[in-house]
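Here is the structure we will look at, set down as structure tokens.
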Amino acid sequence: MEKRNNWSAWLYLAPLLILMAIFIFYPLVNAFYISILENYQPLANNGAGAASGYTLMNFAVVIKNELFWQAIKNTFVIAFVSVPISIFISLIISVALNSIPKLRSLYQTVFFLPYVTNAIAIGMAFAFLFHEDFGFFNVMLGWIGIDPVEWIGSTSSWWNQMSALLIYTIWGGLAFKILVFTSGLQNIDKQYYDAAKIDSASKWTIFKRITVPLLSPFILYISITSMIGALKAYRTVIGLFGTRLGAQPNSMITIVAFVYEYRSKYYEISHMSYAAAGAIILFFITVVFSLIQGVISRKRVHY
Amino acid sequence: MEIRLQDLTKIFVAKDKSEVRAVDTVNLTIPNGKLIGLLGPSGCGKSTTLYLLAGLLKQTGGTIFFDDDEVSNTPPEKRGIGLVFQNYALYPHMTVRENILFPLQNLKVEKEEAKERTYAMAKLVGLETMLDRKPKELSGGQQQRVAIARALVKTPRVLLLDEPLSNLDARLRLQTREEIKRIQRETRITTVFVTHDQEEAMSISDEIVVMKDGLIQQMGEPQDVYDDPGNLFVAQFLGMPQINVFDAVVKTKKLYINNMLVGKTKLPNGEVIAGIRPEGFIVDKEKKSEFKFEVNLVETIGRDTTLIIDLPGEEENILEKKSFKVIVDSLLRIKSGDLVHFTIKPEKMYIFNEEGERLQ
């Protein structure tokens with residue numbers, strides 16, 4: 001092997017590396033830096049910024065904030081409920097799609113539409129669907145004799161709001177998962193299904209013991225990416241509840257929304273550092289969950 | 001269990017609406033406890049027939065009986081069959097044990113019994129020490145035996161094998177062939193086995209069924225079919241080297257090839273096709289026979305010597321040159337360029353008409 005530095009390779013990589021350095025590595029490192037600055041004022045000294053020293057108190061301020069714990073709770077509920085449910089539903093839909101060769105491409109397109117549609121627009125549509133008096137969900141509940149539920153009205157309970165948010169989140173997340181799973185399913189040799197049929201496996205057994213294990217690399221990929229996505233939930237809350245972040249102010253606040261709340265008041269002393277501290281905490285939460293999934297996958301994923 | 005196929009037909013319709021009769025009104029009875037080889041060139045419908053038996057394909061017409069049960073419309077899981085796929089289709093994420101256990105779990109066999117049967121089956125195929133390995137940690141031959149064990153563990157009524165040896169190397173193929181025969185003898189299970197390799201089929205089958213274009217050409221014990229082929233296709237398909245085919249003429253009860261007298265016949269005058277097995281030639285040392293050729297090439301492999309002889313005529317075009325092969329005793333020390341006189345063993349010569357139907 002040649003050990004010499006391959007300058008032309010570095011040259012080809014340079015545009016990407018420079019862009020990544022400016023837009024990914026620098027902000028990341030800078031966020032760490034800002035999070036430990038004391039009395040940070042980004043606008044001082046004609047925009048050069050000023051701080052009086054280094055401190056970990058920014059993290060303490062964030063952790064002591066009740067809203068932060070509300071955000072943690074909401075975010076975790078969104079992540080741990082919506083991710084497994086949406087993976088399960090999209091698996092079922094993908095398997096169903098895969099068994100109807102004729103209309104598959106049509107339905108694939110239909111299911112993929114939410115992915116290319118603006119989250120805010122969908123949120124507005126859902127806000128109407130969840131309307132207490134005219135919303136489709138309550139109309140449907142009416143058919144089976146259930147009284148209208150106040151999903152997102154100003155006096156609705158936390159669980160009702162969260163349920164509405166979850167339904168919207170799960171639905172919005174299906175498209176991409178279905179796309180990945182259907183293409184994954186097409187990679188599975190049909191012979192395994194023939195063999196399983198000969199081996200008297202029921203449909204459910206085939207799903208559980210053949211399809212899911214053979215799809216497990218795709219499921220791992222989807223569960224990691226959608227877990228990260230769910231931990232960063234923000235658009236969905238804005239889409240459904242607007243900038244009040246809930247039926248009651250901040251009742252549906254998420255970690256990203258919490259970070260944004262501080263960041264939007266960056267001109268106040270240290271608020272930018274609080275936002276950075278919140279973001280760093282989210283970063284570590286994300287890393288921890290991704291690592292946990294990686295460890296679990298080593299036992300469960302079959303390549 | 002006896003398998004009966006009545007007028008079994010499978011028509012595939014392509015996208016352009018053209019139809020292919022993959023299996024065409026096949027009538028066949030497979031006797032209980034026998035090992036049957038379904039034999040034919042690619043596209044002859046042998047695999048389709050097997051998948052119809054398995055229920056993985058649905059017949060266009062006709063019926064299938066397992067003993068007295070009609071199973072034509074029974075789904076595969078209810079037919080009680082074991083199937084070994086060409087690529088084995090072992091579940092890659094399961095160990096050997098789990099693979100063999102899988103059908104038993106689906107049939108809700110009691111746990112202890114399932115465990116015992118899995119072990120017994122692994123032992124039958126000689127893999128009891130490999131139970132905790134994954135398929136990709138096994139050799140091709142071992143994978144193949146796992147597939148057989150998985151097919152047999154539920155004690156099916158019929159064992160179906162789809163080209164079971166085609167993915168193995170030559171030595172393993174011989175070994176596994178014996179193994180299949182042994183397992184079939186020990187279990188006495190009615191077995192249907194698909195192959196395009198005539199040697200394979202002849203060596204392990206109790207009976208062979210030769211197919212072409214979805215039609216059964218001939219069925220019988222391998223040696224009987226070889227010795228008494230029903231038509232030119234069967235005669236050409238069985239035997240290695242292939243049977244030699246000559247344009248021949250019958251004149252006043254005598255058969256001529258290239259205007260040389262070959263033998264007597266009772267057929268009426270006319271043009272016919274004569275098929276002579278390579279081993280059907282006897283070298284006439286006294287050089288009295290009229291049937292003589294100059295030898296072009298001599299290949300000696302151990303016991304046998306193969307003479308390759310170009311048929312005289314049409315010499316201007318190398319590609320159209322016809323040659324034939326003769327197997328003789330290597331002790332004769334025939335060299336290329338020698339002029340050799342032959343007489344023909346009458347039982348090794350078959351006469352067909354232009355359509356390939358057997359006349360004599």
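The values are calculated or read from the model by the stated rules, or taken from the named source; none is laboratory data. Computed from a predicted structure; not experimentally measured. As a convention, Cβ positions derive from the backbone with ideal geometry for all residues, glycine included, and neighbour counts pool all protein chains shown.
The criterion of at least 1 residues that are under 21 Å from residue B:280 (Cα atoms) is met, among strands (runs of 3 or more DSSP E) falling completely within segment B:206-270, by B:244-251, B:254-257, B:260-264. I need a count of the residues in segment A:122-149 that are in a helix (DSSP H, G or I), surrounded by fewer than 17 Cβ atoms within 10 Å (Cβ to Cβ) and free of Cβ contacts under 8 Å to residues at least 60 places away in the same chain. Residues flagged as in a helix (DSSP H, G or I), surrounded by fewer than 17 Cβ atoms within 10 Å (Cβ to Cβ) and free of Cβ contacts under 8 Å to residues at least 60 places away in the same chain within segment A:122-149 amount to 8.
Looking only at residues that are facing chain B (nearest Cβ under 10 Å) and aromatic (Phe, Trp, Tyr) in segment A:176-227, which one is farthest from residue A:113 (Cα to Cα)? Once the filter is applied, the top-ranked residue is A:192. Given the criteria over 25 Å from the mean Cα position of the chain (by Cα) and either crowded, with 18+ Cβ neighbours inside 10 Å or in the same structural domain as residue B:196 (by TED's automatic domain parsing) (or both), does residue B:131 qualify? In short, yes.
In segment B:313-334 there is no residue matching the filter, namely being in a loop (DSSP other than H, G, I, E, B), surrounded by 12 or more Cβ atoms within 10 Å (Cβ to Cβ) and modelled with pLDDT of 90 or more. Only a single criterion out of (1) surrounded by 15 or more Cβ atoms within 10 Å (Cβ to Cβ); (2) under 21 Å from the mean Cα position of the chain (by Cα) is not satisfied by residue A:201, namely (2).
Would you confirm whether or not segment B:139-151 contains a residue that is surrounded by 23 or more Cβ atoms within 10 Å (Cβ to Cβ), touching a Gly at 6+ places or on another chain (Cβ under 7 Å) and within 14 Å of chain A (Cβ to nearest Cβ)? Yes, segment B:139-151 has at least one match.
Here residue A:152 fits the description: part of a loop (DSSP other than H, G, I, E, B), at pLDDT below 90 and closer than 14 Å to residue A:237 by Cα.
Do we find that residue B:225 is touching a residue at least 12 places away in the same chain (Cβ under 8 Å), closer than 30 Å to residue B:309 by Cβ and buried (at least 23 other Cβ atoms within 10 Å of the Cβ) in this structure? Criteria met by residue B:225. Only one entry of B:95, B:60, B:29 meets the criterion of being out of contact with any helix residue (DSSP H, G or I) (no Cβ under 9 Å at 6 or more places or on another chain), surrounded by 15 or more Cβ atoms within 10 Å (Cβ to Cβ) and of a type in the set (Ser, Thr, Tyr), and that entry is B:60. The residues in segment B:203-225 that are touching a helix residue (DSSP H, G or I) at 6+ places or on another chain (Cβ under 7 Å) and modelled with pLDDT of 90 or more can be counted, and the count is 9.
Check segment A:284-292 and report whether any residue there is in contact with a Ser or Thr (Cβ under 9 Å, 6 or more places away or on another chain) and free of Cβ contacts under 8 Å to residues at least 60 places away in the same chain. Within segment A:284-292 (the criterion being in contact with a Ser or Thr (Cβ under 9 Å, 6 or more places away or on another chain) and free of Cβ contacts under 8 Å to residues at least 60 places away in the same chain), the answer is yes, since at least one residue qualifies. Scanning segment B:183-195 for residues that are out of contact with any Ser or Thr (no Cβ under 6 Å at 6 or more places or on another chain) and closer than 14 Å to residue B:161 by Cβ gives B:183, B:187, B:189, B:190, B:191, B:192, B:193, B:195. Which one is modelled with the highest pLDDT among residues in segment A:28-60 that are more than 13 Å from residue A:273 (Cβ to Cβ) and exposed (fewer than 12 other Cβ atoms within 10 Å of the Cβ)? Here the residue is A:29. Within segment A:177-198, if we keep just the residues that are over 24 Å from residue B:107 (Cβ atoms) and hydroxyl-bearing (Ser, Thr, Tyr), the residue that is surrounded by the most Cβ atoms within 10 Å (Cβ to Cβ) turns out to be A:182. Examine segment A:155-166 for a residue that is without any contact (Cβ under 8 Å) to a residue 24 or more places away in the chain, within 25 Å of the chain's Cα centre (by Cα), away from chain B (no Cβ under 13 Å) and not in a helix (DSSP H, G or I), and state whether such a residue exists. Yes, that holds for at least one residue. Among the conditions (1) out of contact with any helix residue (DSSP H, G or I) (no Cβ under 9 Å at 6 or more places or on another chain); (2) among the polar types (S, T, N, Q); (3) within 29 Å of residue A:252 (Cβ to Cβ), the only one that residue A:35 does not satisfy is (1). Entry remark, segment B:78-134: residues being within 27 Å of residue B:47 (Cβ to Cβ), within 11 Å of chain A (Cβ to nearest Cβ) and β-branched (Val, Ile, Thr) number 3 in total.
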